[in-house]
Every structure is written in C-alpha cells, then in structure tokens.
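What follows is a set of notes on a single structure, which appears directly below.
The values are calculated or read from the model by the stated rules, or taken from the named source; none is laboratory data. This is a predicted model, so every value here is computed, not measured. All Cβ positions, glycine included, derive from the backbone under ideal geometry; neighbour counts span all protein chains shown. Side chains are part of the model used for accessible areas, which takes the heavy atoms of the whole protein and leaves out ligands, DNA and RNA. Shrake-Rupley method; radii C 1.70, N 1.55, O 1.52, S 1.80 Å.
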Amino acid sequence: MAGSFAERHWYRLSAVSLALWPASLLYRLLVALRRLAYRSGTLQAERLPLPVIVVGNIVVGGTGKTPLVVALAAMLRNNGWSPGILSRGYRGSAAAPMQVAASSPAGVVGDEPLLLARRGGCPVWIGRDRVRAAAGLLAAHPECDVLILDDGLQHYRLARDIEIAVEDERGAGNGLLLPAGPLREPASRRVDAWIENAAPCGTHKPCFRMDLRGDTFRSVAAPQASAPAAAFAGKKLHAVAGIGNPQRFFDHLARLGMATVNHAFPDHHAYSASDLDFGACEALLMTEKDAVKCESFAREHWYALQVEAELAPAFFDFILAKLNGLKTA
C-alpha cells in the first residue's frame, strides 16, 4: 500500500482502518498459526552451525534497520568476530542467492543490500530463501562465525539465536495488524532486545535507544568528494527520500539548519532522472539508500547524507554477552 494510505489510516484509527479490522483479525490468526507450526515442529526451522542474529521490525516499512546492521557488524568485527550479512534483496531482480559486491547493480541486488556491501565491512549475500543464501555465504566465506539476518524477523524457516526489533517514533501505529494497520505481528511479540530509533523507550524490555548522526554529504556523481552541511547555506535546496519514513530524513535536514523543498517517494522507489528534475535547484539532497540507485545518471549538484547509528555501549555489551553465553551453552 502506498505511503499516503499508511499516513492516513495506519497511524490513526479511521473509518477505513476500522472497516478493515475483520480482515486484520484473519491475518492475526494466520500469523499465530504459522508461528505455532514452527514452535511445535510441524514446520521445521533450519539451524546453522553458527549464531544467527536477526534484525527486523514488526511494522511494515523502514525503521532504521540498515544503519543498525552496519553498526552491529562493525562492533562484532572490533570484538574479534567475523560476521556475514544476509538480506532478502527486496525489489532486486536476482532470482537466485548471490553475493553482493560494492559494484553490484542496485536493480539486481536491491538498494539496502548494496548499501550494506559498501558500508558493512563484511560479506553480504541475498536470497529470498535465506537458508540457501546462508549456505552460499558460508561456502564462499567459511571464516564467518556469526550471521546477521537483515529484515528477517518473520523468516522463521531460518532458526535464530538473538532477535532484535527496531521501532521508530511512529511506534505500532494504530495497533492493528495488516491490512487495517502497519503491524506484521502483534505488538506483544517478544524479542531479545528492542531498539527505539529517535524515540524514548516505552514498555518494551530490554530496550536501547538509537540515534542517527550525520552532517556530511557525499557527492553522488563523484563519491570521493564531500561537503559539510554549512556548505549549502543560502542555496536553493531540494530533498528527496524514498525510505519507509521520509519525514525522518527531512527533519534531520531541518535540525542541521537546512531549508529544503521536500519530495517524498515510496520506499525502495526506482528513480529516473525525470523524477529529480526540480528546475531551480542549486543542490539536491538525498539519503544514501536513494543515492545508490541514482549514480548512473547523477548530476554534480546531487549529494547524499552520510549517517551513522549511535547506540549506548550497553546494547553492544548485551549482544556480546548473549553470544558468549551461546559459546558456553
């Protein structure tokens, strides 16, 4: 469903969301039966010979998982682990599992996996069947001793050891499951840790806050060139965001003191040059996720904001303790 529908109906109770409530009850039943089938062993989950950390969310759309996966992979490398990353390759055309390189076409592998391959510092594989993708990754990179499954909270066929759910300031929306609300699973879903992106921790336990920091922009046409936010002062600025929550990006720019004309696109939007022709525009600002899809036709005044996930050391200590506990179990 389009972002405009979500804004109108998923994040408040409306006549439409209430009319769809019976359908959401059926969806909830199907979700519960599927989860029960895996818990009871009716459907078998494949367990790998190494720990699997799942990073996902219970709502539809982006909540900031990609920068969290990058930060998690860096932390693991810094603590002696050799991580690998698995992703579905959403909106990519690849039909079979494959490795993602920094030069892979975004249209084949998907925008988020390509960004992870460039920023994650470890092997990245994609595949709709995450079990087959994991087999390919481990065959190509036997040195990997922990896997991070990006956006795989509902992919029960791959057994996991640690589950992390990411939530942003929108929370659980109207609290209803699809199609009446944004929830893929009930808000009561238990995980090992909750990450609140730019939002205070609520009732979820244990919970850790994450903030996205960044004030440097990389040239999309010439990635080796960059500019600070101050370089754009007084210019006619346009901003685009094709992410799950475009307003988060626009708000970030506003906090940097940048006055922009904002253009929200659907999550994972496949841009064309005509989409970004805004006439009088001295600089066009976008997210890194948008930029990987625009490089082939980028203009010299297009820039992508580089962001880093900032998390309390307590979160990383929590993950390391969990992994060390698996070693001694």
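Keeping every protein chain in place, order Glu310, Glu185, Glu295 by accessible area at 1.4 Å, biggest value first, i.e. largest first.
In descending accessible area the options line up as Glu310, Glu295, Glu185.
Picking from Ile319, Ile53, Ile195, which is most flexible by a Gaussian network model of the chain using Cα springs under 10 Å? Largest GNM mean-square fluctuation: Ile319.
Across 5 Å bins from 0, what is the distribution of all Cα-Cα pair distances for the stretch 40-105, in whole percents? Answer for the stretch 40-105: a P(r) of 3, 11, 17, 21, 23, 16, 7, 1, 0 percent.
Taking every alpha-carbon pair within the stretch 241-287, the share separated by more than 12 Å comes to 63 percent.
When the alpha carbon coordinates of the stretch 81-122 are projected onto the principal axes, the ranges are 31, 17, 13 Å, largest first.
Only one residue of Ala239, Cys281, Gln154 has its Cα farthest out toward the positive end of the dipole of the chain, where Lys and Arg carry +1 and Asp and Glu -1 on Cβ, and that residue is Gln154. Label sites at Ser296 and Val108, each approximated as a point 7 angstrom past Cα along Cα to Cβ, lie 1.1 nm apart.
Taking a straight line from the alpha carbon of Lys289, these lysines sit under 16 Å away, with near neighbours fewer than eight places off in the same chain left out: Lys65.
Could you work out which residue, out of Val191, Val146, Val52, moves most in a Gaussian network model of the chain, that is, has the largest mean-square fluctuation with Cα springs under 10 Å? So, out of Val191, Val146, Val52, the one fluctuating most is Val191. Positive-end ranking of Gly62, Leu212, Pro179 along the dipole of the chain, with charges on Cβ about the Cα centre, is headed by Pro179.
Relative to the longest principal axis of the Cα atoms of the chain, the long axis of helix 21-40 lies at roughly 50 degrees. Between Leu183, Leu158, Leu43, the GNM of the chain built on Cα springs shorter than 10 angstrom shows Leu43 fluctuating the most. Equivalent-ellipsoid semi-axes for the stretch 81-198 (Cα gyration tensor, √(5λ), whole Å, largest first): 27, 16, 14. If only the Cβ of Lys and Arg carry +1 and only the Cβ of Asp and Glu carry -1, the dipole of the stretch 80-133 around its Cα centre is close to 80 debye. Pairs of Cα atoms nearer than 8 Å and 6+ residues apart set the relative contact order; for the chain it is 20 percent. Look at the dipole of the stretch 290-329 built from charges on Cβ: of Ala291, Pro313, His301, the Cα furthest out on the positive end belongs to Pro313. Is the shape of the stretch 27-69 rounded, prolate or oblate, going by the alpha carbon gyration tensor and its root eigenvalues a ≥ b ≥ c, with a/c under 1.5 for rounded and a/b larger than b/c for prolate? It comes out oblate by the Cα gyration axes. Based on the Kirkwood approach, the hydrodynamic radius assigned to the stretch 1-112 is 17.9 Å, with every pair of different Cα atoms included. Cα convex hull, the stretch 211-273: 110 Å³ per residue, rounded to a whole number.
Put a plus charge on the Cβ of each Lys and Arg, a minus charge on the Cβ of each Asp and Glu, and nothing anywhere else: the dipole of the stretch 234-321 about its Cα centre is then about 240 debye. Cα-based values for the stretch 133-211, radius of gyration first and Dmax second, are 15.2, 45 Å.
For the chain, the longest principal axis of the Cα atoms and the long axis of helix 246-255 meet at an angle of about 50 degrees.
Can you work out the accessible area per residue across the stretch 287-329, with the rest of the protein chains kept in place, probe 1.4 Å, in square angstrom?
Working: 2150 Å² over 43 residues.
On a per-residue basis, 50 Å².
Absence of a disulfide-compatible partner, taken as no other cysteine beta carbon within less than 4.7 angstrom, is noted in the chain for Cys122, Cys144, Cys281, Cys294.
Two decimals is fine: what's Rg over Rh for the stretch 282-329, C-alpha atoms, Kirkwood radius as Rh?
Details: Rg = 19.2 Å, Rh = 14.0 Å.
Result for the stretch 282-329 is an Rg/Rh of 1.37.
Report Rg(Cα)/(2.2 N^0.38 Å) for the stretch 187-329, keeping two decimals. Please list the in-between numbers first.
Numbers: Rg = 18.5 Å, N = 143, 2.2 N^0.38 = 14.5 Å.
Computed over Cα atoms of the stretch 187-329, the ratio equals 1.27.
Both numbers refer to the Cα atoms of the chain; Rg and Dmax are 20.0, 63 Å. Between 0 and 90 degrees, the angle of helix 130-140 with respect to the longest Cα principal axis of the chain falls at about 80 degrees.
All alpha carbon pair distances within the stretch 173-247 were sorted into 10 Å bins beginning at 0; the resulting P(r) in whole percents reads 13, 30, 27, 20, 11.
Probe radius 1.4 Å, ligands and nucleic acids ignored: give me the carbon and sulfur share of the accessible area of the chain as a rounded percent. The partial results should precede the final answer.
Working: 8110 of 14650 Å².
Carbon and sulfur together cover 55 percent of it.
Could you size up the charge dipole of the stretch 1-145 around its Cα centre, putting +1 on the beta carbon of Lys and Arg and -1 on that of Asp and Glu, and report it in debye to the nearest 20? Don't skip to the answer; put the middle values down first.
On the way: 16 positive and 7 negative charges, 78 e Å.
About 380 debye.
Tell me what the chain gives for mean residue ellipticity at 222 nm when only DSSP H runs of n ≥ 4 count, each as -39,500 (n - 2.57), the sum divided by the residue total, rounded to 500 deg cm²/dmol. It would help to have the intermediate numbers written out before the result.
Values: 9 runs with 93 residues, N = 329.
Taken over the chain, the calculation gives -8500 deg cm²/dmol.
Taking Arg170, Arg34 and ordering them by how much accessible surface each has at a 1.4 Å probe, largest first, produces Arg34, Arg170.
Spin-label model, Ala273 to Arg39: label points 7 Å out along the Cα-to-beta-carbon direction sit 5.5 nm apart.
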